[in-house]
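Just so it is clear, none of the values below were taken in a lab; they were calculated from the coordinates. Here the structure is a predicted model, which is why all the values come from computation and not from measurement. Here the Cβ positions follow ideal geometry from the backbone for every residue, glycine too, while neighbour counts run over all protein chains shown.
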Amino acid sequence: MRGHGFLLANYVPGNSLLHRAPLAAKFLLVAACGLVSFIIVDWRISAAILAVLGALFLASGAGTKRLWRAVRPLAPVLLVIGLFQWWQLGGPTSARIVLNILVCVVAASLLTATTPVQRILDGVVQLVRPFKKFGADPERFALTVGIMLRSIPFIAGTFADVRDSAKARGLERNPRALVLPVFITSVAYARQTGEALAARGLGEPEDVEPAAKRS
Amino acid sequence: MPAVVFDQVSIAVEREDSPQPKVLLEAVNLELREARIGVIGANGSGKSTLLRLVNGLVQPTSGTVRVDGDDTVRAVRKVRRNVGFVFTDPLSQLVMPTGREDVELSLRRSVGNGTERRNQAEAALGRFGLQDLADQSIYELSGGERQLMALAAVLAVDPRVLVLDEPSTLLDLRNRELLRRTLADLDQQIIMSTHDLDLALDMDRVLVIEGGRVAFDGSPAEAVAAYRSWCLGGLPSAERDVR
């Protein structure tokens, strides 16, 4: 499995201001970027925010290569969206939509590049803790977030592998030959992940005496 | 060494194309106390099913499996604390983006304090000399490095029994030797399925599984010789050579 199609940057150890910033502040930054992408109507402001986030990313020491790797998998999708919106709504709107998507991805990458996953998981656990009295399991929430972060590159990598094998068989224009194997592989991956977690006793309830007999 | 006991264990699964269930394991009785136990057999013979029973990943249709007296169905969480499981493909096993994060994930259940968890993860990685690779994406590691990382994540919680399902299948010769040396140094009881007969010869006891039954159970040299002769000369009958 190729698994190179990273959408979010992996954690890069460091001691920059962003590395030291409280997790809550970084969470808020990501949430705010998501929010402003709905509010901003001027593409120049979106471009300015993207430039600031890009500068922060580089200041964290994560490097241009990681920044490029974080946005590169999106390029074909952004190109399609951009062209379609240009045709439908004109250049400025198209630019704003594309830039706002990039703002969200770079903001999320800033969080993941400057915060160890375990700290993000601890943050999720704290965030969900008040809901424990309603039956929510904070550790399960955290585990879900962690697995999501790992699954995105897996699925992107699977797509790249499937596309190559379809190309080798001359089927690159057949959507079925692309979508179906990715879907099947993703389901198999989900099952394997579930099994791996179960084997390590993660995300499962305490032992109980079974009321029902085994079949 | 802990005792892993199979008592009249059978597993059968329903089939869509036949009213008769498919028997994966049939009436297996075993008491495993040796430090190093190998399980060999053809593909589809039931090796993986046998191993998965030890960790409670698979439940018997009838009979019981106990690890140090704990039933793998009734006390599955306790059993999983004591039994670490290493899969053939470490990419299926490593569920976090980097090795360090995966080792820390293993420790989340037992170590609440974040700093203590990080220290313990560092120690677990250090044990296998993996510190320099710990922050790399798991996709950037070689097959051998991934397998060692998966092993470090499982051993971080110090299980008493280590079950490995064909751990060397995807490894080249150098990484296979590295894995072999690493396993030799572990204190845990090891139960391992393998197609690598040299690795099987390192064990204290070897089971040959065929058609869901234990077709041979004895010393590694005898078991490997028996398996070789069956593979080359035809399949054994179910009753043959069960000791």
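Observations, loosely collected:
- Amide H contacts of B:T88: B:D165, each under 5 Å away and 5 or more positions distant or on a separate chain (H built 1.01 Å from N in the peptide plane; Pro and chain starts excluded).
- Considering helices alone, the calculated mean residue ellipticity of the protein assembly as shown at 222 nm is -17000 deg cm²/dmol, with DSSP H runs of length four and up weighted by -39500 (n - 2.57) and normalised per residue.
- In the protein assembly as shown, the DSSP beta bridges split such that about 55 percent are antiparallel, to the nearest 5.
- Toward the positive end of the charge dipole of chain B, with +1 on the Cβ of Lys and Arg and -1 on the Cβ of Asp and Glu, the farthest Cα among B:S142, B:N55, B:Y227 is that of B:N55.
- Going from the residue with the fewest nearby Cβ atoms within 10 Å to the one with the most, B:C231, A:C33 rank B:C231, A:C33.
- For region B:35-114, the square roots of the Cα gyration tensor eigenvalues, ordered a ≥ b ≥ c, give a/c of at least 1.5 with a/b no greater than b/c, which places it in the oblate category.
- Scaled against the 2.2 N^0.38 Å expected of a compact globular protein of N residues, the Cα radius of gyration of region B:142-243 reads 1.17.
- Ellipsoid equivalent to region A:116-202 - semi-axes via the Cα gyration tensor, in Å: 35, 13, 11
- For the residues of B:98-109, the average number of beta carbons from a partner chain within 10 Å of their own beta carbon is 5.
- Sorted fewest first by neighbouring Cβ atoms within 10 angstrom, B:D217, B:D158, A:D42 come out as A:D42, B:D158, B:D217.
- The angle between the Cα long axis of helix B:114-127 and the main principal axis of chain B comes to about 60°, on a 0 to 90 degree scale.
- Alpha-carbon centroid distance for the pair region A:131-187 / region B:76-145, whole angstrom: 22
- Shape category assigned to region A:51-99 from the gyration tensor of Cα positions, a/c cut at 1.5: oblate
- Rg over Rh [alpha-carbon atoms, Kirkwood Rh] for region A:1-115: 0.99
- Debye intensity ratio in log₁₀ form over the Cα atoms of chain A, taken at each q of 0.15, 0.17, 0.18 Å⁻¹: -1.15, -1.30, -1.35
- Based on Cα contacts under 8 Å between residues 6+ apart, chain B shows a relative contact order of 25 percent.
- Charge-dipole axis of the protein assembly as shown as Lys and Arg at +1 and Asp and Glu at -1 on Cβ define it, positive-most pick from A:W68, A:V145, A:V52: A:V52
- Cα-only radius of gyration and Dmax that characterise region B:1-159, units Å: 18.0, 56
- Cβ charges +1 (Lys, Arg) and -1 (Asp, Glu), total dipole of chain A, debye: 420
- Shape summary: the protein assembly as shown maps onto an equivalent ellipsoid whose semi-axes, from the alpha-carbon gyration tensor, are 46, 25, 21 Å in decreasing order.
- Highest-MSF residue in chain A out of A:P76, A:P181, A:P153 [GNM, Cα springs under 10 Å]: A:P76
- The magnitude of the dipole of region A:12-76, with charges of +1 and -1 set on the Cβ of Lys/Arg and Asp/Glu and taken from the Cα centre, is near 280 debye.
- Counting, for every residue in A:106-116, the Cβ atoms of other protein chains within 10 Å of its Cβ and taking the mean gives 1.
- Computed from point charges on the beta carbon alone (+1 for Lys and Arg, -1 for Asp and Glu), the dipole magnitude for region B:4-233 about its Cα centre is near 480 Debye.
- Rounded tilt (10° steps) of B:220-233 against the dominant C-alpha axis of chain B: 60
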